[in-house]
Amino acid sequence: MESFDGTITTSYASDDDDDDLESVTTYSSTVPDYAELGLVDPFDVNEPAMTAANSSKNDSSGFQSTPLLIEDRILNTNATCPGIGYGTGGEGRSTLDELYRAFMVAINAGFRSFDSAPFYQDGAVERILGRAINDSSVPRSEFFITTKVWPTFARVPEESLKLSLKNMNLDYVDCLLLHWPIPLVPVEGDPYALGDTWDSGWDFKMTWNEMQKIPKDKARAIGVCNFTINRLRLLLSSSTTTIVPAVLQVEGHPELPQKPLMRFCKEHNIQPFCFSPLAQGQVMNPTILRIARKHGIDSGQVAISWAVIRGTVPLPKSVNPNRISGNINLVELDEDDLAQLDTLSEVPRRIVNPRALFGHDIFENNADSYETTTYKSEDAHVSRAMPRKRRQFAVGST
Ligand SMILES: NC(=O)c1ccc[n+]([C@@H]2O[C@H](COP(=O)([O-])OP(=O)(O)OC[C@H]3O[C@@H](n4cnc5c(N)ncnc54)[C@H](OP(=O)(O)O)[C@@H]3O)[C@@H](O)[C@H]2O)c1
């Protein structure tokens, strides 16, 4: 079974269609015994969201946390974007009804940036997001809406944007991202196909060239996802590149800080957005839990606070109203907290696994440091990489 965007939640071995995938690494972590550690279970969703203001821990321990001011970020287009966004992905994990309610809760909680993609339930998530935006009383100009171009649209990114705008019933997006740095041959009847034939006559530099031509009143900023430093270097040095990506969206959480990549972005004025900032709900490390207890917040809030403090834009996803509001009510972390969180990446852990999507380790053996790795010419790679996998969609009445 797959969740989305390459995350492997259980082995593929029992899935008839996916025999080739038995060797795919499963990324899982051990759930600690919270009671034994003297910690609160972070997944008790019945608990109201804790904030620096209402935390009882602050009172009982005498330690007072400071609410974190989430400042807007300035992109290299001179546009501003909120310092935190709401992630709308998560195929197969939420019904569309749940998502609509969650989007409305998120808007009421103060989220203004929403990250989506046509890949998420074949455009259905975009449609629900557009409905929530249009149903809300918040003017369109206050939102920062991001969507993406799936690799099957690598030759025609503007066509992809047109479909997304239609799905969302919007006139423009604030940011359009290339979802993955590979081109795929389109598949008849399955516009957002997974892992089929790589398009040997095309590459991400050519897609970027097409994205640069998209009118600015349709996509106010453009950027890329899942690029390594090597690929960013290739993109920036391409003779056809005239626009530096405004945004790089990559996986980022305390166990995968991707520091060299973040430094590269800073040097080139590219704003990092981090997906899976809660390691898809697996932020249950005892170190994080101890910091959470100290501040009287949940472990997810620790991870998101850390992401904001280091200057990235985290994109947490939740359909739980308490968590949604907690995820935007964050605290200042002190140097001791940050030093402890720093130790968690000694053995980096990546959650989203592109081999499951494209039959290739696009992140070069899951290394957290890309500075010493050499680029392998995947652009020229042609493979019938793997059988196309069944995608499981949540079905909601909306
Ligand atoms: N560009 C890409 O290739 C790419 C890849 C992956 C993701 N993304 C984007 O990034 C977004 C977020 O990533 P993600 O959905 O993979 O994972 P995530 O945000 O790291 O984790 C979501 C999971 O964490 C749980 N959760 C939410 N708040 C929590 C908290 N405070 N404490 C503990 N657990 C909490 C949620 O459960 P509840 O709903 O029950 O709260 C959900 O199961 C996606 O929705 C998508 O927009 C982009």
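Derivation of every value follows stated rules applied to the coordinates shown; laboratory data play no part. Just so you know, these numbers come straight off a predicted model, no measurement behind them. All Cβ positions, glycine included, derive from the backbone under ideal geometry; neighbour counts span all protein chains shown.
Residues whose amide H comes within less than 5 Å of that of Val149, counting only those at least five positions distant or on another chain, are Leu177, Leu178, His179 (H built at 1.01 Å from N in the peptide plane).
Beta carbons within 10 angstrom, averaged per residue: use that to sort the peptides 175-184, 237-246, highest first.
Values: 175-184: 25.5, 237-246: 14.6.
The most tightly packed comes first, giving 175-184, 237-246.
With the highest mean first, a sort of the peptides 63-73, 346-356, 202-212 on other beta-carbon atoms found within 10 angstrom per residue produces 202-212, 346-356, 63-73.
Proximity of backbone amide H atoms, modeled 1.01 Å from N, is registered between Gly83 and Asp72, Arg73 at under 5 Å, excluding neighbours fewer than 5 places apart on the same chain.
List, in the order given, every pair from Lys148/Lys216; Lys213/Lys266; Lys259/Lys294; Lys218/Lys317; Lys259/Lys317; Lys166/Lys216 whose Cα-Cα distance in the structure shown is over 20 Å. Intermediate values should be presented prior to the final figure.
Numbers: Lys148/Lys216 15 Å; Lys213/Lys266 25 Å; Lys259/Lys294 26 Å; Lys218/Lys317 26 Å; Lys259/Lys317 23 Å; Lys166/Lys216 17 Å.
The answer is Lys213/Lys266; Lys259/Lys294; Lys218/Lys317; Lys259/Lys317.
Whole-Hz ³J(HN,Hα) for each residue in segment 349-360, computed from phi via Karplus 6.51 cos²θ - 1.76 cosθ + 1.60 with θ = phi - 60°, x for glycine and proline: what do you get? So the Karplus estimates, Gly and Pro as x, are 10, 9, 9, 7, 10, x, 4, 5, 8, 10, x, 8 Hz.
Taking amide H as placed 1.01 Å from N in the peptide plane, the amide H of Phe275 sits under 5 Å from that of Val250, Glu251, Gly252, each at least 5 places away or on another chain.
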